[in-house]
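Colleague: Shown below is the structure under consideration.
The values are calculated or read from the model by the stated rules, or taken from the named source; none is laboratory data. For clarity, every value in this text was computed on a predicted model and none was experimentally measured. Methodologically, a virtual Cβ is constructed for each residue, glycine included, from the backbone with ideal geometry; neighbour enumeration extends over all protein chains shown. Keep in mind that these areas ignore ligands, DNA and RNA; they rest on the heavy atoms of the full protein, side chains included. Shrake-Rupley method; radii C 1.70, N 1.55, O 1.52, S 1.80 Å.
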Amino acid sequence: MLILRSMICLFLISFLLFSCGSDDDSNATTGYNGPGSDYSMNLGASSFSVTEADEGWSASGSVATLSTGFKKLTVSSLSDNGSSEAPTLSEVTYVLDIPGVVLLMKPFSNASGEQIITMVKSGECPTENFTANWVNTSKDIDLSSERSSRDVYGTFNYTHTTSSATLPSMYAFDDTSLGSNSLGNFGCSNGIATVSDAKMYLTQVGGAIVRTGTNTPSDDTDDSFIVAMAASSISSASSLDGTYTGLLFEGSAGGDDISPVQATLASGSGNGYKITDMDNGTLEGSGVAISIGSVNSPSAGFFAATLGGQAANCMATLDVNGSGKNFIFCIGENPGEANQLYNLLLISQ
């Protein structure tokens, strides 16, 4: 059952962030959608609107771009439909985006199932063959028992002419190879594809986010959120150099947490910090050391790293969609709490 669910999840990965052409109009409003429950957002240079279809609430308001690269969203209009998970008037949250490709959102304070909300450009299906790398963002993976048996990252191949997909490789957290699988055929309409117990949010210009566990909407423990990126070779650790901002999800037995973060990489090493004052870009006094190990391991686009002294598995897509921005996604063991996972998603400034 676990393997089947994982296969479905992976399959969702199918389509993330493979490059196609660039969308340069920063003043345009772009539509995004993704799971978290079921989010859709229209994001412009100065205004936004967001809807959560499962709970039936919607909100709109203003956008301000901060020095860190985050966009600050302030709610000025709200239709809550009686939902306890809706934001409140004047509430603030933050997003990062690669325009026309992918968007990361810190959830509003009332949202259930504390999880980074990840969306891709809405309304399009893949039209070409591609190979992608994926990482599983499930917060319910138990490293004490599943370190060698639960697939958390791997590769995906999609063949457009036959609308079929395969998983050439799957790996556990400790890099144990879990083999390969054929996922068969599927259909996509208006950027949405569904298979048993999963919903996939796809886009032609470079992305896919997948949610599993859709057959049991009241049970979050069987949910996984899969993020896939175009598989491309990393020439060296130095090709990842730069200043990044992003979101960190930290699993904890005492309660999960999502924090905005900033990281700087140079020649294979660097430091990461939580951002304590978003408006002013103030960083936490003591950060964590980051070290990049072997690149293109176990295959192109993956790299090994340590954060705070603990091993992490990461993938990277460089110059996403011709934007000049890099996307890095890591899964690792919380340095402060054994057997608890973290997810780190970063976009270069």
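Colleague: Could you list, in sequence order, all residues of the stretch 286-337 that are part of a strand (DSSP E or B), open to solvent by 50 Å² or more (accessible area, probe 1.4 Å) and more than 25 Å from residue 252 (Cα to Cα)?
Modeller: Taking the stretch 286-337 first, the residues part of a strand (DSSP E or B) are 288-295, 302-307, 310-317, 327-333.
Those left that are additionally open to solvent by 50 Å² or more (accessible area, probe 1.4 Å): 288-289, 291, 294, 306, 310-311.
Residue satisfying the conditions is 294 alone.
Colleague: Applying the selection to the stretch 274-285, what residues are closer than 13 Å to residue 247 by Cα and open to solvent by 70 Å² or more (accessible area, probe 1.4 Å)?
Modeller: Residues of the stretch 274-285 that are closer than 13 Å to residue 247 by Cα, as a first pass: 274-276, 278.
Listed by number, the list holds a single entry, 276.
Colleague: Scan the stretch 106-140 residue by residue and report those that are among the hydrophobic types (A, V, I, L, M, F, W, C) and within 13 Å of the chain's Cα centre (by Cα). Before the answer, list the steps.
Modeller: Within the stretch 106-140, the subset among the hydrophobic types (A, V, I, L, M, F, W, C) is 108, 111, 116-117, 119-120, 125, 130, 132, 134-135.
Result: 116, 117, 119, 120, 134, 135.
Colleague: Mind listing whichever residues of the stretch 160-175 are open to solvent by 50 Å² or more (accessible area, probe 1.4 Å) and either under 23 Å from the mean Cα position of the chain (by Cα) or of a type in the set (Gly, Ala, Ser) (or both)?
Modeller: Here is the first cut: in the stretch 160-175, the ones open to solvent by 50 Å² or more (accessible area, probe 1.4 Å) are 160-162, 166, 168, 174-175.
The answer is 166, 168, 174, 175.
Colleague: Of the residues that make up the stretch 135-155, is at least one in a strand (DSSP E or B) and closer than 30 Å to residue 28 by Cβ? Please lay out each step first, then the result.
Modeller: Just the residues of the stretch 135-155 that are in a strand (DSSP E or B), to begin with: 135-136, 151-155.
From the residues that got through so far, the ones that are closer than 30 Å to residue 28 by Cβ too are 135.
So far as the stretch 135-155 goes, yes, one or more of its residues are in a strand (DSSP E or B) and closer than 30 Å to residue 28 by Cβ.
Colleague: Being at pLDDT below 95, open to solvent by 10 Å² or more (accessible area, probe 1.4 Å) and closer than 30 Å to residue 316 by Cα is true for just one of 13, 98, 3. Which residue is that? Before the answer, list the steps.
Modeller: Values: 13 fails: open to solvent by 10 Å² or more (accessible area, probe 1.4 Å); 98 fails: open to solvent by 10 Å² or more (accessible area, probe 1.4 Å).
3 is the lone residue from the list that is at pLDDT below 95, open to solvent by 10 Å² or more (accessible area, probe 1.4 Å) and closer than 30 Å to residue 316 by Cα.
Colleague: Do you know which residues across the stretch 161-178 are in contact (Cβ under 8 Å) with a residue 24 or more places away in the chain and outside any strand (DSSP E or B)?
Modeller: 161, 163, 173, 174, 175, 176, 178
Colleague: Filter the stretch 262-281 down to the residues that are touching a helix residue (DSSP H, G or I) at 6+ places or on another chain (Cβ under 9 Å) and not in a strand (DSSP E or B) and list them by number.
Modeller: Result: 267, 268.
Colleague: Which condition does residue 45 not pass, out of (1) within 28 Å of residue 273 (Cα to Cα); (2) in contact with an Asp or Glu (Cβ under 6 Å, 6 or more places away or on another chain); (3) of a type in the set (A, V, I, L, M, F, W, C), if it passes all the others?
Modeller: Of everything listed in (1) within 28 Å of residue 273 (Cα to Cα); (2) in contact with an Asp or Glu (Cβ under 6 Å, 6 or more places away or on another chain); (3) of a type in the set (A, V, I, L, M, F, W, C), residue 45 misses just condition (2).
Colleague: Tell me which strands (runs of 3 or more DSSP E) are completely within the stretch 58-115 and hold 3 or more residues being under 18 Å from residue 258 (Cα atoms) and not hydrophobic (A, V, I, L, M, F, W, C), or say none if there are none.
Modeller: By residue number, 92-98.
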